[in-house]
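Bear in mind these aren't lab numbers, they're just calculated from the coordinates by the rules spelled out. Please read all numbers here as calculations on a predicted model, not as lab measurements. Neighbour counts run over all protein chains shown; Cβ positions are idealised from the backbone, glycine included.
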Amino acid sequence: MLELSRRNLMIGGAGLLGAGLLMSKPGDESGPRDPYFLELQAALMEAGIASPTLIVDKARLNANIDTLIGHLPAGMAYRIVAKSLPSLDLIAHIRKRSGSGRLMTFNQPMLTALSRAMPEADQLLGKPLPVAAARNYFSSLAAGEAPAAARVQWLVDTPERLRQYQELAAATGQTLRINLELDVGLHRGGLEAGDTLKSMLETLRDAPEFSFAGFVGYEPHLAALPEALGWRDRARSGAWRRYGEALMQAAEVSGADAVSNLVRNAAGSPTYRYYQDTEVANEISAGSCLVKPTHFDTPLLEPHLPASFIAAPVIKSLAHTRLPGLEFAAEGQRAWDPNTSRTVFIHGGNWLADPVDPPGLSYNKTFGRSSNQEMLTGGHNLAIAPDEFVFLRPHQSEAVFLQFGDIAVFEDGRITERWPVFEASA
């Protein structure tokens, strides 16, 4: 670490004058704390919370649900993405406010937990499960829980997986609802119109073990493509064309009436607002936009509000930044970048998250990351005491939400509920 640090400091310490010819000197970004985060901090302290905690702001969550539902065109259904909202209580709240009885599920433990807690819900797998995981699902259910299994739509992406699921259906005596995964441009696997899709559609039509339920065509790549030169528009048109071709082939094999009743699932948080009608899709899936981690700070999702934060207690708040073995360079580093002037160490760390309060805090690249006591540095005006809280915004929700135990629900200035999360599972 020290060798790398010395090289960095030759750029930012002894070599400051030379580097200054190439870049402007950073300004001090620290300043007064945001009243919103001070309110969150007061609520945590009142609740006696003193460990790293994931907070969901219920008012902002509700506003995001209303924004999503308000956008949907007539006839468009909403499916709740469970992996991005990994808590039974959180999902139950979203179901009640949105009126949706549809869930998208991503692993066997989650599938089992939701079948037990919400047996009336329609669950669509968001990725193909190994047939052994599907077998474990059926084994995990008690006799009285069998009706929930009939409401599951299994996602299949290849002829081999379809054959495996047919054997599973025969062995369990189940009629499996099958949804086919389409490749509409993401190129992460899946099917396109052609001989393979036709053969699988014929199997679904003819095999008594199956009921053909629909298609999934996921296209998150659209939001990542540049708008310049029409790249994004062409990719979007191409995705919808591929979806349409698969629908036409399904109509040829199974009949137009059968296709009219299919689930035509598409989108995700980054792209759901592209769907202005039901010509291609008749349901969209979304989850992350309801809590809005930083990866979803996009122009398309601008109407949504950040509704989830990590609160980490401060262990130590130091008036000066000192780096081990490099104390001699501290004054030069502070002179060049005032945002390295002061230091806080927090409980825990190394999360997929960015500090947002107090203003101007950042990870110290020279010191490195830590899962035990994360070091963050800030400017001369940084003012935070031990036992107060640093707040961070997660980059994503599905992995990060599972790292803190029960979610703390913030409402009307207080922590009003604690919502348990799912067990960690990919």
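How large is the dipole of the chain about the Cα centre if only Lys and Arg carry +1 and Asp and Glu carry -1, each at its Cβ, rounded to the nearest 20 debye?
Dipole magnitude for the chain comes out near 440 debye.
For region 93-145, rounded, prolate or oblate, judged on the Cα gyration tensor with a ≥ b ≥ c (square roots of eigenvalues), a/c < 1.5 rounded, else prolate if a/b > b/c?
oblate
How high is the FRET efficiency between Glu120 and Asn261 when r is their beta carbon distance and R₀ equals 25 Å, given to the nearest 0.05?
For Glu120 and Asn261, the calculated efficiency is 0.80.
Ratio to report: Rg/Rh of region 178-319, with Cα atoms as the point set and Rh obtained by the Kirkwood method; give two decimals.
1.13
What ranking do Lys365, Lys198 get, fewest neighbouring Cβ atoms within 10 angstrom at the top?
Ordered from fewest to most neighbouring Cβ atoms within 10 Å, Lys365, Lys198 come out as Lys365, Lys198.
At Asp277 and Ala42, where each label point lies 7 Å from the Cα along Cα→Cβ, what is the point-to-point distance in nanometres?
Computed distance between label sites Asp277 and Ala42 equals 5.1 nm.
On a C-alpha basis, how far is the centre of region 398-426 from the centre of region 276-292 in Å? Whole number, if you could?
Rounded to whole Å, the Cα centres lie 24 Å apart.
Return the sequence-ordered ³J(HN,Hα) values of region 261-273 in whole Hz as given by the Karplus equation 6.51 cos²θ - 1.76 cosθ + 1.60 applied to θ = phi - 60°, using x for Gly and Pro.
For region 261-273, the Karplus-derived couplings read 9, 6, 6, 10, 8, 7, 6, x, 3, x, 10, 4, 6 Hz, x marking Gly and Pro.
May I ask you to compute the full-extension gain from Thr298 to Ala50, defined as 0.36 nm times their residue separation minus their alpha-carbon distance, rounded to one decimal in nm?
Using 0.36 nm per residue and subtracting the Cα-Cα distance, I get 86.0 nm.
Which value, in Å to one decimal place, does the Kirkwood hydrodynamic radius take for region 143-244 when every pair of different Cα atoms is included?
In region 143-244 this quantity evaluates to 15.1 Å.
Looking at the chain as a GNM with Cα springs under 10 Å, which of Asp412, Asp89, Asp387 has the largest mean-square fluctuation?
In the Gaussian network model the winner is Asp412.
Dividing the Cα convex hull volume of the chain by residue count, how many Å³ per residue is that?
Value for the chain: 170 Å³ per residue.
What FRET efficiency comes out for Lys198 versus Ser237 if R0 is 25 angstrom and r is the Cβ-Cβ distance? Round to the nearest 0.05.
0.60
For Thr105, Thr366, Thr416, Thr158, which order do you get if you count the other beta carbons within 10 Å of each Cβ and list the fewest first?
Fewest-to-most Cβ neighbours within 10 Å comes out as Thr416, Thr158, Thr366, Thr105.
Given springs between every Cα pair under 10 Å in a Gaussian network model of the chain, which of Ala286, Ala42, Ala312 has the largest fluctuation?
Ala42
Per-residue HN-Hα couplings for region 74-87, Karplus 6.51 cos²θ - 1.76 cosθ + 1.60 at θ = phi - 60°, whole Hz, x for Gly and Pro?
For region 74-87, the Karplus curve yields 4, x, 8, 8, 10, 10, 7, 7, 5, 5, 8, 9, x, 8 Hz.
Can you show me the helix-derived [θ] at 222 nm for the chain, built from DSSP H runs with n ≥ 4 at -39,500 (n - 2.57) apiece and divided by the number of residues, rounded to the nearest 500.
-9500 deg cm²/dmol
Just for the chain, what percent of DSSP beta bridges are antiparallel, to the closest 5?
Antiparallel bridges make up about 45 percent of those DSSP assigns within the chain.
From zero up to wherever the largest Cα-Cα distance of region 58-290 sits, split into 10 Å bins and tell me the percent of pairs in each.
8, 33, 36, 20, 3, 0
Extension gain Glu227-Leu318, at 0.36 nm per residue separation less the Cα-Cα distance, in nm?
28.2 nm
So for region 72-114, what percent of the C-alpha to C-alpha distances run longer than 11 Å?
65 percent
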